[in-house]
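Enquirer: Quick one: the structure is below, and I'll ask about it shortly.
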Amino acid sequence: MAIQFDDWQDVKVAYEVARLGTLTAAAEKLNVHHSTVLRRINNLEQSLNARLFHRHARGYKVTEIGAKLFTAAQSINSELERLHNDIIAADSTLRGSLLLTTVSGFIDVLSDVCEQFQSLHPQVQLEVILDQKRLRLDHGQAHIAVRAGPRPDEGDYIAQHLAHLSSGFYASKRYIDKYGMPKTLNQLPLHNFVSGVAGYNGKVPYFAWVDENIPTEQVKLRVSETSEATRAIVKGLGIGGLQHDVAAQYPELIPVLANELNWPTDLWLVTHHLVHRTAKVQAFSQLLKAYFQERKLG
């Protein structure tokens, strides 16, 4: 029966523990949290139904089965490094496709960078994949990801901080003229809201707040994409959460209880180390970082 790993990254992390001898050393090498390393080791041992390490006070020592696995992993790692060099050699010019993934709500923020990139490098076909699911960069599903939230901790990913963002509630002038502006938090449950569909709200803090604090009958529309929520709020269907940078592009939107409700987050530029240095990834990354740096200074 063939062995199937739930996540090959578990092997990569466990290999570093075997090589360095402790969870702390492996976590520092991979630039992830200590608990992430432990979780991935446990996942791998459970997947294989085998003990790969002897735990003792001085650190981790591989078992006989673990030694066989990590010998194979070392060989695979060498092959990946060779592939990395081949990719760099084959992609030292700006051509072909560049796959960018982010959530739909960020396309309004990123559109200026995309337009600038296309003007500078028309020979590169830019493909923007808008998906709430996190595509696997290590599987080649995308070259660049723009993610909001905690720093991504996948060991083979390179995460660069782009910006501090924040969100709040907004309503259109049309909605306010019809229903009035809520003055206190206690008045919010009396208003109409736009929120996310079931299973999606936990990923978006202002959607989660609505589910926890607003009666179900007052949520007049649920959507599966933040971009659709933006359109609904602009059209006056209800109050809803938006990134402040996105809301600023719609002059008809008015902040609602901005001092009372605000959700900060961080924005990250994420690449896989095998393609991080390729010409087209670097070209887009530099434009993206410069764009957010200018906004910060401005």
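The values are calculated or read from the model by the stated rules, or taken from the named source; none is laboratory data. Remember, it's a predicted structure, so these values are computed and weren't measured experimentally. Cβ: placed from backbone, ideal geometry, glycine included. Neighbour counts: every protein chain shown. The protein model used for the area step is the full one, side chains on, heavy atoms only, and it has no ligands, DNA or RNA in it. Shrake-Rupley method; radii C 1.70, N 1.55, O 1.52, S 1.80 Å.
Enquirer: Amide H to amide H under 5 Å from residue 256: which residues, 5+ apart in sequence or cross-chain, H placed 1.01 Å off N in plane?
Expert: 169, 170, 171
Enquirer: Okay, moving on. How many nm separate the modelled label positions at residue 42 and residue 29, each set 7 Å beyond the Cα in the direction of the Cβ?
Expert: Each label point is offset 7 Å from its Cα along the Cβ direction, giving 2.2 nm.
Enquirer: Also: Return the FRET efficiency for the residue pair residue 235, residue 79: r is the Cβ-Cβ distance, R0 is 41 Å, and the value is rounded to the nearest 0.05.
Expert: Computed FRET efficiency for residue 235 and residue 79: 0.15.
Enquirer: Using Cα pairs closer than 8 Å and at least 6 residues apart in sequence, work out the relative contact order for the chain, in percent. Write down the numbers at each step before the final one.
Expert: Working: 461 pairs, mean separation 66.7, N = 298.
So the answer I get is 22 percent.
Enquirer: Indicate the helices, whole DSSP H runs only, in the chain that combine a mean Kyte-Doolittle hydropathy of -1.0 or more with a Cα extent along their long axis of 15 angstrom or more.
Expert: 8-20, 34-48, 64-90, 107-120, 279-297
Enquirer: Which far-off residues, 5 or more places away or on another chain, put their amide H under 5 Å from the one on residue 125, with H placed in the peptide plane?
Expert: 96, 97, 98
Enquirer: So with the 1.4 Å probe, I'd like the accessible area per residue for the range 146-288, rounded to whole Å². Walk me through the numbers on the way to the answer.
Expert: Working: 6490 Å² over 143 residues.
Normalised by residue count, the accessible surface of the range 146-288 is 45 Å².
Enquirer: Calculate how many DSSP beta bridges within the range 90-242 are antiparallel, expressed in % of all such bridges and rounded to the nearest 5.
Expert: Antiparallel bridges: around 20 percent, rounded to the nearest 5.
Enquirer: Could you please state how large a percent of the accessible area of the chain is carbon and sulfur, counting protein chains only and using a 1.4 Å probe?
Expert: Carbon and sulfur together cover 51 percent of it.
Enquirer: Calculate the spin-label point distance for residue 259 paired with residue 135, positioning each point 7 Å from the Cα along the beta-carbon direction, and give it in nanometres.
Expert: Placing both labels 7 Å along Cα→Cβ, they lie 4.4 nm apart.
Enquirer: To continue, here is another question. Using only the Cα atoms, what convex hull volume per residue in Å³ does the range 226-298 have?
Expert: Roughly 134 Å³ of hull volume per residue.
Enquirer: Which of the trypsin sites (Lys or Arg not before Pro) found in the range 6-59 are loop residues per DSSP with 11 or fewer other Cβ atoms within 10 Å of their Cβ? Walk me through the numbers before you get to the answer.
Expert: Numbers: sites: 12, 19, 29, 39, 40, 51, 55, 58; in loops: 51, 58.
Qualifying residues, ordered by number: 58.
Enquirer: Given the DSSP H assignment, sum -39500 (n - 2.57) over each helix run of at least 4 residues in the chain and divide by its residue total; what's the result at 222 nm in deg cm²/dmol, nearest 500? Please list the in-between numbers first.
Expert: Values: 10 runs with 125 residues, N = 298.
Taken over the chain, the calculation gives -13000 deg cm²/dmol.
Enquirer: Shifting gears a bit: Give me the distance between the Cα centres of the range 22-48 and the range 143-181, rounded to whole Å.
Expert: The two parts, judged by their Cα centres, are 29 Å apart.
Enquirer: Under 10 Å, Cα contacts only: if you run a Gaussian network model on the chain, which one of 120, 94, 287 comes out with the highest mean-square fluctuation?
Expert: Taking springs between Cα atoms under 10 Å, the residue moving most is 120.
Enquirer: What do you get for trypsin sites (Lys or Arg not before Pro) in the range 152-246 restricted to DSSP loop and a cutoff of at most 10 other Cβ within 10 Å of the site's Cβ?
Expert: Details: sites: 173, 174, 178, 183, 203, 220, 222, 231, 235; in loops: 183, 235.
Taking the range 152-246 and a limit of 10 other Cβ atoms within 10 Å, the loop trypsin sites (Lys or Arg not before Pro) found are 183.
Enquirer: Would you indicate which of [x] 21.9; [y] 23.9; [z] 22.6 is the value of Kirkwood radius over Cα pairs in Å derived from the coordinates of this structure?
Expert: Here the calculated entry is [x].
Enquirer: If you take the Cα atoms of the range 137-246, find Rg, then find the Kirkwood Rh from the mean of 1/r over all pairs, what is Rg/Rh?
Expert: 1.06
Enquirer: Still on this structure, I have one more. Report the antiparallel proportion of the DSSP beta bridges in the chain as a percent, rounded to a multiple of 5.
Expert: Numbers: 27 of 41 bridges.
Restricted to the chain, the bridges split so that about 65 percent are antiparallel.
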